[in-house]
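Q: A single structure is presented below for examination.
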Amino acid sequence: MSKVVVAKEILKANDALAAANLRLLDQAGVFCINLLGSPGSGKTTLLEKLTPYLKDRVRVGVIEGDLATSEDAERIEKAGLPSIQINTGGGCHLDSNMVANALESLDLNEFDLLFIENVGNLVCTAGHRLGERLRIVVLSAAEGDDKVVKYPPMFQKTDSVLINKADLLPYTDFSVERVHTDARRLNPKVEILQASARTGEGIEEAAEFILNKRQQWINGK
Ligand code: MG
Ligand code: ZN
């Protein structure tokens, strides 16, 4: 019983600091995206492939969350974006305190758009707000179309879902229709995109989606 209370208190503290992160980002005019999804869903590859469509139009930075290595941050730097690595030391999600520390080491005035690639995980990442204005859950065709009903908080709390690895759809039993139906049942406002970061299909549309979301935010300020 006391464990439940502690978990609730920790989440409350996390939310308070996430709100502070959001204020900081808002003041600097930075639109922040929390990129979520399972290990291997293609989050880093998606960021690499989005880069050419974004980097000439907005100033983009990336915070990379991983348990141990800086491999993803190195890939992002190679793709042409500045990145900061957070190692969670084995922790299975990013929290707002880790992001607050990363934000301190960035000059936020140098950015218009900031991605946070979360640790690959469909469970506890959902409950931890970080200071984002938009959530994108990457769900790959290789993972199976049952993930929405099996991990409901992740899909309830997201703004959008990107079905990745669309090039594999002909080789799997993955039903795009089922994902649409299940996701909308949990979250009627969810927006669903489809792409293949490997082949590039749908990537330009995903970049436009992101830029439009940022523009809507600016217009609403
Ligand atoms: Mg990654
Ligand atoms: Zn966790």
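Q: Looking only at the stretch 147-190, count every residue that is in a loop (DSSP other than H, G, I, E, B) and either buried (at least 16 other Cβ atoms within 10 Å of the Cβ) or without any contact (Cβ under 8 Å) to a residue 12 or more places away in the chain (or both) and tell me the total. Even if it seems obvious, please write down each step before you answer.
A: Start the filter on the stretch 147-190 by keeping residues that are in a loop (DSSP other than H, G, I, E, B), which leaves 151, 157-159, 165, 172-175, 187-190.
In the following step, the residues that additionally are either buried (at least 16 other Cβ atoms within 10 Å of the Cβ) or without any contact (Cβ under 8 Å) to a residue 12 or more places away in the chain (or both) were identified as 151, 157-159, 165, 174, 187-188, 190.
Within the stretch 147-190, residues that are in a loop (DSSP other than H, G, I, E, B) and either buried (at least 16 other Cβ atoms within 10 Å of the Cβ) or without any contact (Cβ under 8 Å) to a residue 12 or more places away in the chain (or both) number 9.
Q: Which of the residues spanning the stretch 15-42 are crowded, with 20+ Cβ neighbours inside 10 Å, within 16 Å of ligand 2 (Cβ to nearest atom) and assigned to a helix (DSSP H, G or I)?
A: Ala18
Q: Quick check on this structure: which one of Ile86, Ile63, Ile76 is surrounded by 13 or more Cβ atoms within 10 Å (Cβ to Cβ), free of Cβ contacts under 8 Å to residues at least 60 places away in the same chain, aliphatic (A, V, I, L, M) and part of a helix (DSSP H, G or I)?
A: So the residue among Ile86, Ile63, Ile76 that is surrounded by 13 or more Cβ atoms within 10 Å (Cβ to Cβ), free of Cβ contacts under 8 Å to residues at least 60 places away in the same chain, aliphatic (A, V, I, L, M) and part of a helix (DSSP H, G or I) is Ile76.
Q: Out of Leu130, Leu122, report the one residue that is touching an Asp or Glu at 6+ places or on another chain (Cβ under 8 Å) and within 16 Å of ligand 2 (Cβ to nearest atom). Step through it out loud before you land on a result.
A: Numbers: Leu122 fails: touching an Asp or Glu at 6+ places or on another chain (Cβ under 8 Å).
Being touching an Asp or Glu at 6+ places or on another chain (Cβ under 8 Å) and within 16 Å of ligand 2 (Cβ to nearest atom) holds for just one of Leu130, Leu122, which is Leu130.
Q: Of everything in the stretch 91-129, what is within 16 Å of ligand 1 (Cβ to nearest atom), open to solvent by less than 20 Å² (accessible area, probe 1.4 Å) and in a loop (DSSP other than H, G, I, E, B)? Give them in sequence order.
A: Matches in the stretch 91-129: Leu94, Asn118, Val119, Leu122.
Every residue, every condition in (1) aliphatic (A, V, I, L, M); (2) more than 24 Å from Ala206 (Cα to Cα), yes or no:
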{"residue": "Asn14", "(1), (2)": "no, yes"}
{"residue": "Ala18", "(1), (2)": "yes, yes"}
{"residue": "Gly29", "(1), (2)": "no, no"}
{"residue": "Asn34", "(1), (2)": "no, no"}
{"residue": "Gly40", "(1), (2)": "no, no"}
{"residue": "Lys49", "(1), (2)": "no, no"}
{"residue": "Asp66", "(1), (2)": "no, no"}
{"residue": "Glu74", "(1), (2)": "no, no"}
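Q: Of all residues being assigned to a helix (DSSP H, G or I) and among the aliphatic types (A, V, I, L, M) in the stretch 1-14, which is modelled with the highest pLDDT? Just the residue, please.
A: The first filter runs over the stretch 1-14 and keeps only residues assigned to a helix (DSSP H, G or I), leaving 2-14.
Checking which are among the aliphatic types (A, V, I, L, M) leaves us with 4-7, 10-11, 13.
Details: Val4: 72, Val5: 78, Val6: 80, Ala7: 82, Ile10: 87, Leu11: 89, Ala13: 94.
So the residue we want is Ala13.
The values are calculated or read from the model by the stated rules, or taken from the named source; none is laboratory data. All of these numbers come straight from a predicted model, not from anything done at the bench. Neighbour counts are summed over all protein chains in view; Cβ atoms, including those assigned to glycine, are modelled from backbone coordinates with ideal geometry. Protein only, heavy atoms only, side chains kept; ligands, DNA and RNA dropped before computing areas. Shrake-Rupley method; radii C 1.70, N 1.55, O 1.52, S 1.80 Å.
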